[in-house]
Amino acid sequence: MIILGIESSCDETATSVIEGVGDKVKVLSNIVSSQIEIHKKYGGVVPEIAAREHVLNILPVINEALEKAGIKIPPTPFVKGGFIDGIAVATGPGLVTSLLVGVESAKTLAYAWQIPSIAVNHIEGHIYANFIDREKIQFPALVLTVSGGHTNLVLMKSHGKLQIIGETVDDAAGEAFDKAAQLMKLGYPGGPVVSAWAEKYSNQKNLTPLTPLARGAVKLPRPMMNKPGFNFSFSGLKTALLYELQKDKNWKKRISEYCHEFQQAVVDVLIYKTIKAAEQYKVKTVMLSGGVSANKALRLQLEQAVKDKLNYVSFLMPELKYTTDNAAMIATAGYFKAQRKKFTPWQKLKVDSNLELK
Ligand code: KG4
Ligand code: ZN
């Protein structure tokens, strides 16, 4: 089955063509047009600008994804299907005006090409980044989904059976990185830049991502670590960082140390709760997903924790190019929905900026 995926929920206009056979998914093309450079100067995503950029980019990236995948677009509309089997599009959650561009494009193509359409939840898409180029995954699985807008522990009993067992009660993990970077005037997006500074500190101190515990003078809390349940909270951590910076006249000289401790505080809490949940729900697989899953310390330390603490549990994380927003993950989630015949007619494709995972 050949699926075209479309993703426009925030500041990346992304398209992809994948081919699915049974449980195997192969990516034929994966195009991401990022707007980061445009939003950087504002310190975050400006929805109005994001939507306008999506409008400019969407058709070129659709053409490019189809071309790279070697798919010939029919010369005239209203030629009945055949060249692809489905169009998967992220319908939410995200910025409403951004989502609209992807969804309206998908609707138009589904109508013109007479091809079934599939509505995909953006977070479910992140989860399905783990299903690209993989053998059959063993269920039940636990997925730590950490992005700019969400931080969830999701129990996946089988395809399409997703249950949130823990979530952030305030800021998402990626948002916490972004806000920490803002406090230290490091620019946007915060995750990559904070983690680069943290790595500088590790290198100076000869720490490795797997032996991060030689902490310096800066000490931040590990929020919710000792609270029962699987929820997270990161807004207090950001405030704790702010207070530390305010107390320290020389903070600008110690940015790498602050970044290292901040990153480690986030990683410690995420890993602790993930391992506890995996034990309680007796899962066979632990997976990592979302933009923050690009974080090297989190990737290496979670992998090690699963190895050390959970017997006979596999660990999976997406390839780096499928961690932040992309359409291969949307097409993959769409493919598994199509296998279960979960299509949404184009007339019923609808943007929902607060779409819940279920
Ligand atoms: O999944 P994503 O691309 O968009 C959303 O769905 O939100 O995630 C973006 C988030 C941003 O907050 C960004 O700072 C964070 O992922 N991020 C990282 C890293 N790369 C991206 N956070 C920590 N370390 C990274 N290397
Ligand atoms: Zn995302």
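The values are calculated or read from the model by the stated rules, or taken from the named source; none is laboratory data. All figures in this text were calculated on a predicted structure; none of them were measured in a lab. Ideal geometry is used to build each Cβ from the backbone, glycine not excepted, and the neighbour counts take in all protein chains shown. Remember, those area values only see protein heavy atoms, side chains included, never the ligands or the DNA or RNA. Shrake-Rupley method; radii C 1.70, N 1.55, O 1.52, S 1.80 Å.
Charges were assigned to the Cβ only: +1 to each Lys and Arg, -1 to each Asp and Glu. The resulting dipole of the stretch 139-318 about its Cα centre is roughly 280 debye.
Against the chain, whose longest principal axis is taken from its Cα atoms, helix 328-339 shows a tilt of about 50°.
Backbone phi angles across the stretch 127-137, fed through the Karplus curve with coefficients 6.51, -1.76 and 1.60 (θ = phi - 60°), yield HN-Hα couplings of 4, 6, 4, 6, 9, 7, 6, 10, 7, 4, 8 Hz in residue order; Gly and Pro are listed as x. Magnitude of the charge dipole for the chain, about its Cα centre and with charges confined to Cβ atoms of Lys, Arg (+1) and Asp, Glu (-1), is about 740 debye.
Database remark: amide H of Ser353 closer than 5 angstrom to no amide H (H placed geometrically; neighbours at sequence offset of 5 or more, or on other chains; Pro and chain starts carry no H). With a Cα-only, solvent-free Debye model of the stretch 139-318, what are the log10 I(q)/I(0) values at q = 0.09, 0.10 Å⁻¹? Log10 of I(q)/I(0), two decimals: -0.30, -0.37. Computed over the chain, the P(r) curve from all C-alpha pair distances, binned at 10 Å from the origin, holds 6, 25, 32, 23, 11, 3, 0 percent per bin. The fraction of accessible area contributed by carbon and sulfur in the stretch 1-62 is 60 percent, rounded to a whole number (1.4 Å probe; ligands and nucleic acids excluded). Counted without the sites themselves, the longest stretch of the chain free of chymotrypsin sites (Phe, Trp or Tyr not before Pro) in a DSSP loop having at most 10 other beta carbon atoms within 10 Å is 79-311. A simple rule links phi to the HN-Hα coupling: the Karplus curve 6.51 cos²θ - 1.76 cosθ + 1.60 with θ = phi - 60°, which for the stretch 150-165 gives 9, 9, 10, 9, 10, 8, 10, 7, 6, 4, x, 9, 10, 9, 7, 10 Hz, with x for Gly and Pro.
Its DSSP H runs of at least 4 residues, each contributing -39,500 (n - 2.57), put the calculated 222 nm mean residue ellipticity of the chain at -13000 deg cm²/dmol, to the nearest 500. At a probe radius of 1.4 angstrom, the accessible area of the chain per residue rounds to 44 square angstrom. Once the Cα atoms are used to define both axes, helix 96-113 deviates from the longest principal axis of the chain by about 30 degrees.
Could you compute how fast the stretch 16-72 diffuses translationally, taking Rh as the Kirkwood radius over C-alpha pairs and applying Stokes-Einstein at 10 °C with viscosity 1.306 mPa s? Give it in µm² per second. Translational diffusion coefficient: 121 µm²/s. Sum up the charges of everything whose Cβ sits under 12 Å from the Cβ of Ser314, counting Lys and Arg as +1 and Asp and Glu as -1, but leave Ser314 out. Neighbour charge sum, excluding Ser314 itself: +2. Working note: Karplus 6.51/-1.76/1.60 with θ = phi - 60° gives the stretch 286-292 the couplings 10, 10, 10, 7, x, x, 6 Hz, where Gly and Pro are set to x.
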